[in-house]
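Scroll down for the structure; my scribbles are underneath it.
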Amino acid sequence: GGVVFVHAHPDDECVATGGSIARLVADGVRVDLVTCTDGVEGEIHDPDLDHSEARPRLAEIRRAELDCSLHALGDGAIVHHMLGYRDSGMMGTEANVHADAFWQADLGGATERLVVLVRAARPRAIVSYDENGNYGHPDHINAYRIAAAAYEAVEEVDRFYEVAFAREHWSALTDAMRERGIELPWGAGDDTAGDSVAEPAAEPVDEEGPALEDFGTPEALITTRVDVAGFIERKRLSMECHRTQRQDMGWLLDLPDDLAVSALATEFFVLRRRRGAPTPEGCREDWFLG
């Protein structure tokens, strides 16, 4: 069996899971990527685009960026599905209540759409976020909800993984950046934001979100560390594709090579559910399919 990744927006696939996707493809494993929304509420940081001209067609632009990313990661081998919802924007914004927003979706219906895809893919594992969507974005929360519900509904799927951002790992990276005088992302090192880094590959936490120093998963709770050092170049190419979202991941692309390897060579997950048996206490593994 393969792996189904359930992500919220175009660009969410690359930093947290891009290396794992590329490694699975290289191993000949079937990979399905489900993108729940169109990304239409994203920012526009591509210097080659005129903001006012690009804004009305941002969903189309981001779909092209996603196609580029999928080619970078899988050379056409990734089975991709758009679930068809509108980007809900950050929590507490007007976009949350748009009639087509994923945040307004009937979750039963959304789950059923996903269940159809999962049954066709027949994966061994589903990968999504934690119950807070890793950082409180409405679309990430609902992506988790339908992914977890699909796991429960399709008994052939053995495992459910949650993306994790290892708190100590990112803290060490930002310490190294600080020592070299490299600017931290989103003002993470200033007096108001605390000293830890927020989630890479997603919009910065807004004022209603968790404190930066509380972000991420303590490494002691992380079950699964996937070595993707051999796929950093594909991962970086994937990130480069998402030109409109440069504000979210450009800092990673601009790191010196040694720090970039440190930042991107391992992807972290929590094995949250295992069919028919609890995850063993102290579980440590280095692959989804071991």
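Across the stretch 220-274, which residue is nearest to Asp75 (Cα to Cα) among those that are aliphatic (A, V, I, L, M) and without any contact (Cβ under 8 Å) to a residue 24 or more places away in the chain?
Residue satisfying both the conditions and the ranking: Leu253.
Of all residues in the stretch 128-162, which are outside any strand (DSSP E or B), among the acidic types (Asp, Glu) and within 14 Å of the chain's Cα centre (by Cα)?
Across the stretch 128-162, the qualifying residues are Asp130, Glu131, Asp139.
Filter the stretch 109-121 down to the residues that are charged (D, E, K, R) and closer than 20 Å to Glu13 by Cα and list them by number.
If the condition is that a residue be charged (D, E, K, R) and closer than 20 Å to Glu13 by Cα, then Arg113 is the only one that fits.
Among Tyr129, Tyr135, which is touching a Phe, Trp or Tyr at 6+ places or on another chain (Cβ under 8 Å), of a type in the set (Phe, Trp, Tyr) and more than 17 Å from Ser20 (Cβ to Cβ)? Give the derivation first.
Numbers: Tyr129 fails: more than 17 Å from Ser20 (Cβ to Cβ).
Within the list Tyr129, Tyr135, the selection yields Tyr135.
Determine whether the stretch 74-94 contains at least one residue that is closer than 19 Å to Ile222 by Cβ and either under 15 Å from the mean Cα position of the chain (by Cα) or at pLDDT 95 or above (or both).
Among the residues of the stretch 74-94, not one is closer than 19 Å to Ile222 by Cβ and either under 15 Å from the mean Cα position of the chain (by Cα) or at pLDDT 95 or above (or both), which makes the answer no.
Any residue that is under 26 Å from Ala260 (Cβ atoms) and open to solvent by less than 60 Å² (accessible area, probe 1.4 Å) - is there at least one of those in the stretch 75-95?
Within the stretch 75-95 (the criterion being under 26 Å from Ala260 (Cβ atoms) and open to solvent by less than 60 Å² (accessible area, probe 1.4 Å)), the answer is yes, since at least one residue qualifies.
Tally time: how many residues in the stretch 96-126 are open to solvent by less than 10 Å² (accessible area, probe 1.4 Å) and assigned to a loop (DSSP other than H, G, I, E, B)?
Of the residues in the stretch 96-126, 1 are open to solvent by less than 10 Å² (accessible area, probe 1.4 Å) and assigned to a loop (DSSP other than H, G, I, E, B).
Just a yes or no: is a residue in the stretch 28-36 surrounded by fewer than 24 Cβ atoms within 10 Å (Cβ to Cβ) and either at pLDDT below 95 or more than 19 Å from the chain's Cα centre (by Cα) (or both)?
Yes.
Please go through the stretch 248-290 and pick out each residue that is more than 16 Å from the chain's Cα centre (by Cα) and part of a helix (DSSP H, G or I).
Of everything in the stretch 248-290, those that are more than 16 Å from the chain's Cα centre (by Cα) and part of a helix (DSSP H, G or I) turn out to be Trp251, Leu253, Asp257, Asp258, Leu259, Ala260, Val261, Ser262.
Residue by residue, here is whether (1) within 26 Å of Gly1 (Cβ to Cβ); (2) among the small types (Gly, Ala, Ser); (3) in contact (Cβ under 8 Å) with a residue 60 or more places away in the chain; (4) in contact with a helix residue (DSSP H, G or I) (Cβ under 9 Å, 6 or more places away or on another chain) holds:
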position: Ala22; (1), (2), (3), (4): yes, yes, yes, yes
position: Val31; (1), (2), (3), (4): yes, no, no, yes
position: Arg57; (1), (2), (3), (4): no, no, no, no
position: Glu65; (1), (2), (3), (4): no, no, yes, yes
position: Cys68; (1), (2), (3), (4): no, no, yes, yes
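Could you check Tyr85 against (1) under 30 Å from Val154 (Cα atoms); (2) assigned to a helix (DSSP H, G or I) and say which number it fails?
(2)
Name the residues in the stretch 43-74 that are out of contact with any Asp or Glu (no Cβ under 7 Å at 6 or more places or on another chain), among the small types (Gly, Ala, Ser) and either open to solvent by less than 70 Å² (accessible area, probe 1.4 Å) or within 18 Å of Gly250 (Cβ to Cβ) (or both), would you?
Listed by number, the residues that qualify are Ala54, Ala64, Ala72, Gly74.
The values are calculated or read from the model by the stated rules, or taken from the named source; none is laboratory data. Since the model is a prediction, treat every value here as computed from it, not as a measurement. Cβ coordinates were reconstructed from backbone atoms using ideal geometry, including for glycine residues, and neighbour counts include every protein chain displayed. Note: areas computed on protein heavy atoms with side chains; ligands, DNA, RNA excluded. Shrake-Rupley method; radii C 1.70, N 1.55, O 1.52, S 1.80 Å.
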